[in-house]
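Take a look at the structure set out below.
The values are calculated or read from the model by the stated rules, or taken from the named source; none is laboratory data. Note that the structure is a prediction, hence the values are computed from the model and not measured. Cβ placement follows ideal geometry from the backbone for every residue including glycine, while neighbour counts extend to all protein chains displayed. Accessible surface is based on the protein model in full, side chains and every heavy atom, while ligands, DNA and RNA are left aside. Shrake-Rupley method; radii C 1.70, N 1.55, O 1.52, S 1.80 Å.
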Amino acid sequence: MNKLLKLSLYLLTAFVISACEYEAEPDPEISDGDGKATADFIVQNNRLITIESNFIKIYTLTDSTQPVLETTYSTSDAAEFESIYEYKTNMLMIGTREGTFFKDHSTPGTLTDLAFSEIITSCDTAITQGNYLFITQRSDEDCSDTNNSNNKSQLLIYNILQVENPSLEKTIEIDTPYGLGINGTNLFVCYEQGVIEFDISDPTDPDQIGDYSQPCNNIIADQYPMILTDNSGVRLVEYANPGLTELAIIRKSE
């Protein structure tokens, strides 16, 4: 079995286990549009990058079964790192309750500061595709006041071509939105009643094309079958344009 396959199985297993072990609502998850949703680790440039409290740790994956610690970064301020995800090929976004750090990872194992933005906090769920950032916010989040002054449950779309100066392009109110996933030009948003599907061919003006009753807190949409998680377990779902069909479920009790 090759290294990439081993690592893919490891990450998928970790995702499934974490989704099945806890009854509480899931931690905010963020992801690159071409990747998988994770909250506290990513794999980029053959490096495993993790966050823990005030530390960022980078491990080499020469042997994917035995990661080796290569570099440790820390922050001197009070903000703790709470979420991490990829942006494009060689960039990271690391979330805190006060905002998000943009970092460059062009040199494997070395992080360089690019910018800091208060528009995204670690309690916001986010995903990127191209130069656009999609964020869901809920009115009941403790840290939403940082960048959710209207205290609404909503989907926000930012142009982040200039990471130091993101531009808000669109706001859509949604009833208690959670995780997001992208498959091609389709955006899927988990919310209180199920999953909403948008056509984002024009990211600045999404067109709602579906509303499905599948229970969903978080979603991995860019693979077959799609993976949806909710408080009852993990669901494998087939997407047929339009529509979602459940293929199997792994319940928490199993």
**Study point:** Segment Asn241-Thr204, extension gain: residue separation times 0.36 nm, minus the distance between their alpha carbons
**Key:** 11.1 nm
Practice item. Please tell me the relative contact order of region 88-131 in percent, rounded to the nearest whole number, where contacts are Cα pairs under 8 Å and at least six residues apart. Key: 35
Check your understanding: Based on the Cβ-Cβ distance of Glu70 and Arg251, what FRET efficiency does E = 1/(1 + (r/R0)^6) give at R0 = 45 Å, to the nearest 0.05?
Key -> 0.70
Practice item. Might you work out the accessible area of Lys88 for me, using a 1.4 Å probe with all protein chains in place, and round it to the nearest 10 Å²? Key: 90
Practice item. Compute the distance in nm between two label points, each set 7 Å from the Cα along the Cα-to-Cβ direction, one at Asn151 and one at Arg97. Key: 1.8
Check your understanding: Where Lys and Arg each count +1 and Asp and Glu each count -1, what net charge lies around Asp205 among other residues with Cβ under 10 Å from its Cβ?
Key -> -3
**Study point:** Cut-off 13 Å between beta-carbons: net charge of the residues surrounding Gly243, Lys and Arg +1, Asp and Glu -1
**Key:** -4
Point to revise | By accessible area with a 1.4 Å probe, ligands and nucleic acids excluded, highest first: order of Ser213, Ser139 | key: Ser213, Ser139
Check your understanding: So which of Lys88/Lys170; Lys57/Lys103; Lys57/Lys170 end up more than 25 Å apart by C-alpha?
Key -> Lys57/Lys170
Check your understanding: Considering only DSSP states other than H, G, I, E and B, which GluC sites (Glu not before Pro) in region 171-228 qualify as loop sites with at most 12 other Cβ atoms within 10 Å?
Key -> Glu192
**Study point:** Residue-span extension gain [Thr89 to Asp175] - 0.36 nm each, minus C-alpha spacing
**Key:** 27.7 nm
Check your understanding: Hey, what's region 145-234 come to in accessible area per residue, 1.4 Å probe, Å²?
Key -> 41
Check your understanding: By its C-alpha gyration tensor, with a ≥ b ≥ c as the square roots of the eigenvalues, how is region 50-139 shaped: rounded for a/c under 1.5, else prolate for a/b larger than b/c, else oblate?
Key -> prolate
Revision key, fill the gap. The local net charge around Asn183, scoring Lys/Arg +1 and Asp/Glu -1 for residues other than Asn183 whose Cβ lies under 10 Å from its Cβ, equals -2
